[in-house]
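The values are calculated or read from the model by the stated rules, or taken from the named source; none is laboratory data. Just so it is clear, the model here is predicted, and its values are computed rather than measured. Ideal geometry is used to build each Cβ from the backbone, glycine not excepted, and the neighbour counts take in all protein chains shown. Just so you know, the surface numbers come from the protein's heavy atoms only, side chains and all, with ligands and any DNA or RNA stripped out. Shrake-Rupley method; radii C 1.70, N 1.55, O 1.52, S 1.80 Å.
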Amino acid sequence: MSAKTRVLVVEDEEPLRLALCDALRAEGFEVLEAADGEAGLALALSHGPEIVLLDLMLPKRDGFSVLRAIREDRLASAVLILSARGEEWDRVQGFEYGADDYVVKPFSTRELLLRMRALLRRTEGEAPGVAAAERKVRFGACEVDFAAYTVTRSGERQGLSRQELELLRVLLANPGKALAREWLLDNAWGQDEFPTTRTVDMHVLKLRKKIEADPESPRHIVTVHGVGYRFER
Ligand code: CA
């Protein structure tokens, strides 16, 4: 893992934050830290870390609000939620808001690092079929900018989370084929993670809102009943 990978830890529980920061520094990360949501968001926007570890119950500004602001600002950072057991954490809502993954406290450093590596590997690697030089890809009324993490449809620009971008990459590389949910999981999600096929559906819903003229009757990401999805350019 690159020694330059920048991680922002937003966690108000001081012993946990300090322990996390120590562990991450020992792994070679450049670590930024914040003890409340306001400071966390400010650091995220000013430093553009590759990955944000985000607690939800935070003083000044809660984690959901920070997450929304990060995505509204089209920041490309991967966001991993640190969720407390028994906390009112709705994972579907979290993914809707643009979280890339989550761990439930108490978690082991090993588990956290595995998930972080999976997120970083996905975002560093290129999907087969989409050349690195092919930064912008057009289909229908859409233009995807893989470097800027945006999709422009009929002149309207929207941000994409890293996971949405990764899924779109895999779909674009395999047009016209029925793609099973499990196959999409294997190819657009990291192997160290344990997402369910429901995760695929949630991300498809989010992508449709951004790329389809009418998300209710999609023309690009078409449902293949009993199988998964088919991408049509
Ligand atoms: Ca907290």
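Ranking Met57, Met116 from most to least accessible surface, computed with a 1.4 Å probe over the protein chains only, gives Met57, Met116.
The residue among Leu67, Leu18, Thr223 whose Cα reaches farthest toward the positive pole of the charge dipole of the chain, with charges on the beta-carbon of Lys, Arg, Asp and Glu, is Thr223. The GluC sites (Glu not before Pro) of region 153-233 that DSSP puts in a loop, and whose beta carbon has at most 14 other beta carbons within 10 Å, are Glu216, Glu232. Ranked from largest to smallest solvent-accessible area, with a 1.4 Å probe on the protein heavy atoms, Ser108, Ser154 come out as Ser154, Ser108. About its Cα centre, region 136-231 has a charge dipole of approximately 280 debye under the convention of +1 per Lys or Arg Cβ and -1 per Asp or Glu Cβ, with nothing else charged. Each Lys and Arg contributes +1 and each Asp and Glu -1, all at the Cβ; summed about the Cα centre of the chain, the dipole is approximately 900 debye.
For region 6-124, the dipole from Cβ point charges (+1 on Lys and Arg, -1 on Asp and Glu) about the Cα centre works out to 400 debye, to the nearest 20. Rolled with a 1.4 Å probe across the full set of protein chains, the surface gives Glu50 an accessible area near 70 Å².
Compared with the dominant principal axis of the Cα atoms in the chain, helix 14-26 is inclined by about 70°.
Beta-bridge orientation, the chain: approximately 50 percent antiparallel, per DSSP, counting only bridges with both partners inside. Between Val222 and Ala141, the contour length at 0.36 nm per residue exceeds the alpha carbon distance by 27.6 nm. Tell me the angle of helix 109-124 to the major Cα principal axis of the chain, expressed in degrees between 0 and 90 and rounded to the nearest ten. Helix 109-124 and the main axis of the chain meet at about 40 degrees.
Please determine, in degrees from 0 to 90 and to the nearest 10, the orientation of helix 37-47 with respect to the longest principal axis defined by the Cα atoms of the chain, where the helix direction is its Cα long axis. Once rounded, the angle reads 60 degrees. Ordered by solvent-accessible area of protein heavy atoms (1.4 Å probe), largest first, the residues His220, His47 come out as His47, His220.
With R₀ fixed at 22 Å, the C-beta to C-beta distance from Ala180 to Arg233 puts the FRET efficiency at about 0.65. Close Lys pairs in the chain (alpha-carbon distance under 26 Å; sequence gap of 8 or more, or different chains): 8. Taking label points 7 Å from Cα along the Cα-to-Cβ direction, Gln158 and Asp201 give a separation of 2.0 nm.
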